[in-house]
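Each reported figure results from applying straightforward, stated rules to the coordinates on display, with no laboratory input. Owing to the predicted nature of the structure, the values given are computational and were not obtained by experimental measurement. Counting neighbours? That spans all protein chains shown, and the Cβs are built from the backbone with ideal geometry, glycine included.
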Amino acid sequence: MADANELQLFNDLARQLRADSIRCTTAAGSGHPTSGMSAADLMAVLQAKYQRYDYNNPEHPNNDHLIFSKGHACPVLYAMYRAAEAITDEDLLSLRKFGSIYEGHPTPIIPHIDAATGSLGQGLAIAVGVAIAGKHIEKLPYKVWCLLGDSEMAEGSNYEALMVASEQGLDNLIAIVDVNKLGQRGETALGHDMATYAARVSAFGWKVLIVDGHNVAEIDEAYAEAVKHTGSPVCILAKTEKGGGVSWLAGAPGWHGKALKPDEAEKALAELAQAGPIAGYTVKPQLPEDLTPAPFTGDAPLVLPSYEVGTKVAVRKAYGDTLAALGKSRGNLFAVDAEVGNSTYTESLGKVAPERLFQVYIAEQVMVGVAQGLDVQNKNTFAATFAAFFCRAYDQIRMGAISGAKLRLVGTHAGVSIGEDGASQMALEDLAMMRSIHGSTVLYPSDAVSCAHLMSLMADYDGIAYLRATREATAVIYPATETFEIGGSKTLREGTTATVIAAGITLIEALQAADTLASEGINIRVIDLYSIKPVDEAAILKAATETEHLIVVEDHWPEGGLGDVVAATLTKNCVAPKKFSHLAIPQMPRSGKPDELLAAYGIDSHAIIKVVKG
């Protein structure tokens, strides 16, 4: 139980956090002061008594983590930094100004931020990943605190995260839901129905504590219970008022995302000052324990899987084989599976290092969030699922780019070549999707050997990297000694009549077409464009100027894939080929055998031959 002095400190700090939330947003002329004000008491008690964090050493391995899933409430977070003397008042008042790192929603440009938030429904999944690292990998006692808003509890991704956190037994994870009742356009679906919130969260196996979020004594008791609890994660449901602390703002609709005008701010600050000073409180969290993470198993030389030229191996199988090989050579390599590991072959890692494969079940948004949380803790992590299912995690990937996260994503079962499963399973937009991510790398190996080599490069690559893995077994075309580079390509056949640019399954078709044409005395160039982004511009431009006809063939929609990459390269360099053709999936595909579908939609060897002959 907190004594009178502690309770006074909590209230004093909360009042300062509210005042600073108003001051910085008014200076900016925009922002969310009232969303921060509702959480001020919650954050004051956390910072003054329970958080363990060294602001002078943000990389300390046993620092607690505080993730603001409710990213728009960042004015109160920045106010916490000022109270801890981690930033200056000038820094605080630079909120939302061009050039300031204290942006409208938090990003890891700030050294104390783990992940960019603001797109709601993401922070909890990332917190789950960080908590998995702490509990199951590093074996450290730090806590992961995650502040959520009640509005974002309508996001399904949060319930995926609730499920996974419980499955993983993450008793080092404490979620705080700021139930302030008001959303952007009015009252939330549940308002202050705390019982329903509690029933929903507890149904996922969490311990639930309900508090008055403006009563610092209740908050203190809840935190004390939460940090001692074992066996399951804890969720603190805090009943609050948006704009709490200022009478005419508290619970008043219409203030979401609105900064107070200078005269309004003066009036609000004057009311806050009636209860005591609203500035001058310096409160630093307690320092973490001086502990180090559990050691990894020793690294060993990488031995890539070997495949004989001419044998048939699915690229997805090569992904699994290579993941296992990387796992044997790197103690810091992990993988996350969304219950398709026996199809993607992610389960291969589990056979050599089961403790480094984490199962999130069919929850792709959380799969990416967990991978990002593991990356926060510098864990080299692969996440794989059917390529089509990455669509529902696109926002997590997009936000990962804003975070500067290192995500290694593998999408299998792409294109019509998967066959009978039909259009719902045929990713035909994944290359466009992944190419559009800022700073991304997009790879599309055509055989097992190129997959193995590209994965070994991908494991050390910064940023977000995506590898598209074909489902069907295809012939190995490269010897094991072949070398590859990100941004490269391979010219596999030479000729001047035409150039076919392809990758994945269509490269195999292009090689068949080239061999058939060669038997008729027609020689064409075939380029394996295995690196889609960055792309080998020199090879494309050389082909455009040296051959009569440039042909792009891909198992993808016409928009956003190989054809657009090639066209953009030509346009950028002001090079016009004598003739240009683009073979892609022209209509919504149906079920059928892979060969039937490649032929039906005009991307097989026969279609290529027909286009070459004109």
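Loop-resident GluC sites (Glu not before Pro) (DSSP state other than H, G, I, E or B) in segment 360-442 with no more than 13 further Cβ atoms inside 10 Å of their Cβ: GLU420. What shape does the chain take by its C-alpha gyration tensor, where a ≥ b ≥ c are the square roots of the eigenvalues and a/c under 1.5 counts as rounded, a/b above b/c as prolate, and the rest as oblate? Cα axes put the chain in the prolate bin.
May I ask which of LYS490/LYS533; LYS135/LYS239; LYS70/LYS143; LYS143/LYS242 have a Cα-Cα span longer than 21 Å here? In this structure, LYS135/LYS239; LYS143/LYS242 exceed 21 Å between Cα atoms. With contributions of -39500 (n - 2.57) from each DSSP H run of at least four residues, the per-residue ellipticity at 222 nm computed over the chain stands at -10500 deg cm²/dmol. Against the chain, whose longest principal axis comes from its Cα atoms, helix 123-132 is set at around 80 degrees. One chain, two ends: ASP462 and GLU271. Fully extended at 0.36 nm per residue, the span grows by 63.8 nm beyond their Cα-Cα distance. Look at where the Cα atoms of segment 159-174 and of segment 354-426 average out, and the two centres are 19 Å apart. Quick note on segment 480-537: its Rg to Rh ratio, both from C-alpha atoms and Rh being the Kirkwood radius, is 1.01. Ranking of GLU225, GLU554, GLU155 by neighbouring Cβ atoms within 10 Å, starting from the fewest: GLU225, GLU155, GLU554.
Of the trypsin sites (Lys or Arg not before Pro) found in segment 174-270, the ones in coil according to DSSP and having at most 11 other Cβ atoms within 10 Å of their Cβ are ARG185. For segment 1-90, evaluate the Debye formula with one uniform point scatterer on each Cα (no solvent term) and list log10 I(q)/I(0) at q = 0.15, 0.18, 0.24 Å⁻¹, rounded to two decimals. The computed values of log10 I(q)/I(0) come out as -0.57, -0.81, -1.25. Ranked for footprinting exposure by Cβ neighbours inside 10 Å, fewest first, THR516, THR481 give THR481, THR516. How many angstrom separate the Cα center of segment 8-45 from the Cα center of segment 55-129? Each part's Cα centre sits 14 Å from the other's. What's log10 of I(q)/I(0) for segment 4-273 at q = 0.15 Å⁻¹, Debye sum over Cα points only, no solvent? Taking Cα atoms of segment 4-273 as identical point scatterers yields -1.07. What's the center-to-center distance, using Cα atoms, between segment 461-487 and segment 239-316 in Å? With segment 461-487 and segment 239-316 each reduced to a Cα centre, they are spaced 37 Å. A simple spin-label model places pseudo-atoms 7 Å from Cα toward Cβ; at ASP193 and GLU482 they are separated by 5.9 nm. What the pair-distance distribution of segment 161-304 shows, using all Cα-Cα distances binned every 10 Å from zero, is 9, 26, 29, 21, 10, 4, 1 percent. Modelled label positions at GLN184 and GLU548, each set 7 Å beyond Cα in the direction of Cβ, lie 5.7 nm from each other. In segment 312-475 the Cα-Cα distances spread across 5 Å bins starting at 0 as 2, 10, 21, 25, 23, 14, 5, 1, 0 percent of all pairs. A straight chain from GLU420 to SER100 at 0.36 nm per residue would run longer than the Cα-Cα distance by 109.9 nm. As an equivalent ellipsoid, segment 487-614 spans semi-axes of 21, 18, 12 angstrom, where each value is the square root of five times an eigenvalue of the C-alpha gyration tensor, largest first.
Of all beta bridges that DSSP places with both ends in the chain, some 15 percent have antiparallel geometry. Would you work out if segment 56-165 is rounded, prolate or oblate? Take a ≥ b ≥ c from the square roots of the eigenvalues of the alpha-carbon gyration tensor; rounded if a/c is under 1.5, else prolate when a/b is larger than b/c, oblate otherwise. It is oblate, given that a/c is not under 1.5 and a/b is not larger than b/c. Using the alpha-carbon positions of segment 568-614, Rg (one decimal) and Dmax (whole number) come out as 14.0, 41 Å. In plain terms, the residue of ARG471, ARG96 with the fewest other Cβ atoms within 10 Å comes first and the most crowded comes last, giving ARG96, ARG471.
Against the main long axis of the alpha-carbon atoms of the chain, helix 562-572 sits at an angle near 90°. Sparsely packed loop sites in segment 540-585 (the trypsin sites (Lys or Arg not before Pro) outside DSSP H, G, I, E and B with at most 15 other Cβ atoms within 10 Å) comprise LYS578, LYS579. Each peptide in 68-76, 288-296, 598-606 receives the mean, over its residues, of other Cβ atoms within 10 Å, and ordering these scores from highest gives 68-76, 598-606, 288-296. Relative to the longest principal axis of the Cα atoms of the chain, helix 216-228 runs at roughly 50 degrees. Close amide H partners of THR381, meaning residues 5 or more places away or on another chain with modelled amide H under 5 Å apart, are PHE334, ARG408. Within the same chain, aspartates and glutamates fewer than 8 places from LYS351 are excluded, and of the rest, those with a Cα less than 13 Å from its Cα are ASP321.
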